[in-house]
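A.B. asks: Have a look at this one.
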Amino acid sequence: MYEDILQSKTHRTSLLPSGPWLMTQKWEHLLFAHYEVNPQVLKPHLPPGLELDTYDGRAWMTVIPFRVSGMRLRGTLHIPYLHTYLELNVRTYVKKNGLSGIYFFSLDADKLPAVLGARVLTLPYFSATMAMSEKAGAYRFISERKHGRNAVIDCKYKPTGESYFPKKDSLASWLLERYWLWTYKRGVLFKGGIHHKQWDVYHTSADISGGNLFPFAPAPDISSSVLLHYAAARRVLFWKVKKEKQ
């Protein structure tokens, strides 16, 4: 299975990370809610060393609720208790030295050990109360952060039609096919690599409400003017997060 994933790479715009992958997860029932944001509003919230990435001059942020399953380190069995949990990501699109990727403003999860472990790896995780349910092919995801900024979301979403692979160089492909991430901690920039097969997605209807998900004001209206995608599942490989070379 993993060799098949590693051999599937024509959809990437950069080489695979060097060295062996270290961890794997399966991501399930993902909603990608993309919001266009004024580039000048976003830029001040990026750490030094990262450049805002834009598509036709337009900047974007994406909110992604989903379920993690089958998490394990390479060469080990599933991690007890932690191999399945819920997660909510808030990200934007950046680049450094011509390499495109993402920058996380926050990642919420419903299991505290996963949060603490990820924070050690420099990722900005927060503990949240979460629930995910499915009925007649429709999903509902609820999240409320436990401490600090009261970030909340309540979304209902349902895929429609047949799945498809976004065309190369399209906005959808630009938003979805991201294989590098940067984090920033105590004045230091870190970079990590991931890999998975190309996203095949569905058109999606969604009802989204909530607040305090974005690090700036005025925030985009999460109940309207949003580009949506749904993905059923992807097995993902992770490489070590390393201090970025200056």
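A.B. asks: Look at TYR202 and say whether it is at pLDDT 95 or above and either at positive phi or surrounded by 13 or more Cβ atoms within 10 Å (Cβ to Cβ) (or both).
C.D. replies: Taking the combined requirement at face value, the residue satisfies it.
A.B. asks: Working only within region 161-212, note down all residues that are in a strand (DSSP E or B), of a type in the set (S, T, N, Q) and more than 14 Å from TYR35 (Cα to Cα).
C.D. replies: Once the filter is applied, which keeps residues that are in a strand (DSSP E or B), of a type in the set (S, T, N, Q) and more than 14 Å from TYR35 (Cα to Cα), region 161-212 yields SER163, THR183, THR204, SER205.
A.B. asks: Take LEU52 and tell me if it is of a type in the set (A, V, I, L, M), surrounded by 12 or more Cβ atoms within 10 Å (Cβ to Cβ), touching a Lys or Arg at 6+ places or on another chain (Cβ under 7 Å) and over 20 Å from GLY193 (Cβ atoms).
C.D. replies: Judged against the criteria, LEU52 is a match.
A.B. asks: Of the residues GLY70, GLY57, GLY19, GLY75, only one is of a type outside the set (D, E, K, R), touching a residue at least 24 places away in the same chain (Cβ under 8 Å) and exposed (fewer than 14 other Cβ atoms within 10 Å of the Cβ); which?
C.D. replies: When all the criteria are applied, what remains is GLY19.
A.B. asks: Then there is this: Please state which one of PRO215, PRO220 is part of a loop (DSSP other than H, G, I, E, B), at pLDDT below 95, on the phi < 0 side of the Ramachandran plot and buried (at least 19 other Cβ atoms within 10 Å of the Cβ).
C.D. replies: PRO220
A.B. asks: Can THR10 be described as hydroxyl-bearing (Ser, Thr, Tyr) and either more than 30 Å from SER127 (Cα to Cα) or assigned to a strand (DSSP E or B) (or both)?
C.D. replies: Spelling it out, THR10 is indeed hydroxyl-bearing (Ser, Thr, Tyr) and either more than 30 Å from SER127 (Cα to Cα) or assigned to a strand (DSSP E or B) (or both).
The values are calculated or read from the model by the stated rules, or taken from the named source; none is laboratory data. Just so it is clear, the structure is predicted and the values come from calculations on it, not from any experiment. So basically every Cβ, Gly included, is an ideal-geometry build from the backbone, and we count neighbours across all protein chains shown.
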